[in-house]
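To start, the structure under review is shown below, and the notes come after it.
The values are calculated or read from the model by the stated rules, or taken from the named source; none is laboratory data. Note that this is a predicted model, so its numbers are computed, not measured. When we count neighbours, we look across all protein chains shown, and the Cβ atoms used for this are built from the backbone with ideal geometry, even at glycine. Note: areas computed on protein heavy atoms with side chains; ligands, DNA, RNA excluded. Shrake-Rupley method; radii C 1.70, N 1.55, O 1.52, S 1.80 Å.
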Amino acid sequence: MNLRILTTFIILFLVLNFNSASAQESMVRSISEDYIAKLITVARANYPRVKSYKARVDIARTNVSIAAVSIFDAVSLSYIYQPSNFSVVDPTNPGSRYIRGLQAGIFLNLGVILRTPMNISRAKAERRVAESEQAEYDITLATEVRKRYYVYMQRVAELKIQTNATQLTQNAYNDAEYRYKKGELTFAEFNQAQTLLTTQSQTKIGAEANLFTAKADLEELLGDKLENIQ
């Protein structure tokens, strides 16, 4: 096969396959909904922001309980015990004496009583807001895990394509080198094959870097290595 024809074929192969790196058929076969669900569960258990939202909900629920029991702040009890054998003169009325024995009184703070229902309503509203924000973030986190997983799987597919293309290019280079040594190819033709191999090797390295980056982005949400999640 003429080297120029082979080179043209290789270039077409790389372009066509690179553009189809994210083709549905190749990715769909590799994607598992059960595995994605497991990744989402792991992210919800490990990602620090999830714990922050949970803590906010717990605080909001506690505040509702605190607001409810604050009604007791409106009630105060006081008492005085005066022994029956002890006589004390009232300084404001010297002619009278304190009542002997136990004296008790209950006092109500009207302001606290009126504020308590409003405080409870406000605390419940804050609890609903915290619960809504937690539910919203659960959805956001699940969506983000899916997106990053799909990107990761796309990078896996791309690397497979680039690996196959690199092997094909390597075979073409080996053939060109053999024919060049036999004098069947010019140096310019051999150099073209060498340049193509170098370019393809760099493309493969870029695909590897993209895969590692996508994996790191996904593991950021998981709080664990993908290898540890089966």
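Go over the candidates LYS204, LYS160, LYS215 one by one and state the one that is of a type in the set (Lys, Arg) and open to solvent by 70 Å² or more (accessible area, probe 1.4 Å).
The unique qualifying residue is LYS160.
What pairs come up if the first residue lies in segment 180-193 and is modelled with pLDDT of 90 or more, the second is polar (S, T, N, Q) and open to solvent by 70 Å² or more (accessible area, probe 1.4 Å), and their beta carbons are under 7 Å apart, counting only those six or more places apart or on different chains?
Every condition considered, no pair remains.
What pairs come up if the first residue lies in segment 23-38 and is modelled with pLDDT under 70, the second is in a helix (DSSP H, G or I), and their beta carbons are under 6 Å apart, counting only those six or more places apart or on different chains?
As it stands, the answer is SER26/ALA157; MET27/MET153; MET27/ALA157, since those pairs meet every condition given.
Go through segment 172-198 residue by residue and tally those that are loosely packed, with under 13 Cβ neighbours inside 10 Å and in a helix (DSSP H, G or I).
The qualifying residues number 7.
Taking ALA207, is it assigned to a helix (DSSP H, G or I), in contact with a Ser or Thr (Cβ under 9 Å, 6 or more places away or on another chain) and touching a residue at least 40 places away in the same chain (Cβ under 8 Å)?
yes
A quick yes/no check of all residues on (1) part of a loop (DSSP other than H, G, I, E, B); (2) open to solvent by less than 50 Å² (accessible area, probe 1.4 Å); (3) at pLDDT 85 or above:
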residue: LYS51; (1), (2), (3): no, no, yes
residue: LYS54; (1), (2), (3): no, no, yes
residue: VAL64; (1), (2), (3): no, yes, yes
residue: ALA67; (1), (2), (3): no, yes, yes
residue: TYR81; (1), (2), (3): no, no, no
residue: ALA104; (1), (2), (3): no, no, no
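Check segment 148-155 and report whether any residue there is aromatic (Phe, Trp, Tyr), closer than 27 Å to SER32 by Cβ, surrounded by fewer than 19 Cβ atoms within 10 Å (Cβ to Cβ) and out of contact with any Lys or Arg (no Cβ under 9 Å at 6 or more places or on another chain).
Yes - at least one qualifying residue is present in segment 148-155.
Before we move on, is ALA130 at pLDDT 90 or above, of a type outside the set (S, T, N, Q), under 54 Å from the mean Cα position of the chain (by Cα) and open to solvent by less than 40 Å² (accessible area, probe 1.4 Å)? Talk me through it step by step, then tell me what you get.
Numbers: at pLDDT 90 or above: yes; of a type outside the set (S, T, N, Q): yes; under 54 Å from the mean Cα position of the chain (by Cα): yes; open to solvent by less than 40 Å² (accessible area, probe 1.4 Å): yes.
Yes; evaluated as a whole, the condition is true for this residue.
Among the listed residues LEU159, LEU141, LEU168, which satisfies the condition of being within 30 Å of GLN194 (Cβ to Cβ), in contact with a Phe, Trp or Tyr (Cβ under 7 Å, 6 or more places away or on another chain) and of a type in the set (A, V, I, L, M)?
Step by step, each of LEU159, LEU141, LEU168 is checked, and only LEU168 is within 30 Å of GLN194 (Cβ to Cβ), in contact with a Phe, Trp or Tyr (Cβ under 7 Å, 6 or more places away or on another chain) and of a type in the set (A, V, I, L, M).
Could you please give the count of residues in segment 116-127 that are open to solvent by 60 Å² or more (accessible area, probe 1.4 Å) and touching a residue at least 24 places away in the same chain (Cβ under 8 Å)?
Residues meeting the conditions: 4.
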